[in-house]
Amino acid sequence: TGTSVAYSLDGIAYKTFTAPLPQVESATRTALDRMGIKIEATSKMEQGKAIKAQTNDREIEIELEMVSNKTTRIRTVAKQGIFFKDRATATEIIIQTEKALGLG
């Protein structure tokens, strides 16, 4: 696919979609459901939404930031324990979100 995911040095995955925030949020929820990841909480942020989710041994944090009315940036981190960040799971959430948006 054309998926290109950027990473910070500490294992956080990022991608910007040309889609409005509500559409990306819905696609993210679909992706998490497909992956069997349970959403624990959602909250509003200044420019978007934060989603906290949980697997058997990982804490997932997702931030959806409205860049413009038609553009949304997703940031995902999957923490396993205190020190380990699971970049592969964080990336897969973005890939599945892209598929749910019909872009991948």
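The values are calculated or read from the model by the stated rules, or taken from the named source; none is laboratory data. Values in this document were obtained by computation on a predicted structure and should not be read as measured data. Positions of Cβ are backbone-derived with ideal geometry, glycine not excepted, and every protein chain shown enters the neighbour counts. In case anyone asks, the SASA skips ligands and DNA or RNA and just uses the protein heavy atoms, side chains included. Shrake-Rupley method; radii C 1.70, N 1.55, O 1.52, S 1.80 Å.
A few remarks follow.
- When the GluC sites (Glu not before Pro) in segment 22-75 are filtered for DSSP coil states and for at most 11 other beta-carbon atoms within 10 Å of their beta-carbon, the remaining sites are E46.
- Distance between the modelled labels on I82 and Q54, one decimal in nanometres: 2.0 nm (7 Å Cα→Cβ projection).
- For A19, distant residues with modelled amide H under 5 Å away: T71, T72
- Using a probe radius of 1.4 angstrom, the carbon and sulfur fraction of the accessible surface of the chain is 48%.
- Nearest 10 degrees, 0 to 90: helix 87-100 Cα axis against the chain principal axis: 30
- Rg to Rh quotient for the chain, alpha carbon positions, Kirkwood Rh: 0.93
- Residue by residue, segment 11-27 carries 3J(HN,Hα) couplings of x, 8, 9, 9, 7, 10, 10, 8, 6, x, 3, x, 5, 5, 4, 4, 5 Hz when phi is fed to the Karplus relation 6.51 cos²θ - 1.76 cosθ + 1.60 (θ = phi - 60°); x denotes Gly or Pro.
- Most mobile listed residue (T72, T42, T91) in the chain, GNM with C-alpha springs under 10 Å: T42
- Counting lysine pairs in the chain that sit 8 or more residues apart in sequence, or on different chains, and whose Cα atoms lie under 17 Å apart gives 10.
- Karplus-derived HN-Hα couplings along segment 43-57 (A = 6.51, B = -1.76, C = 1.60, θ = phi - 60°), whole Hz, x at Gly and Pro: 8, 8, 10, 4, 10, x, 9, 10, 10, 10, 9, 9, 10, 4, 9
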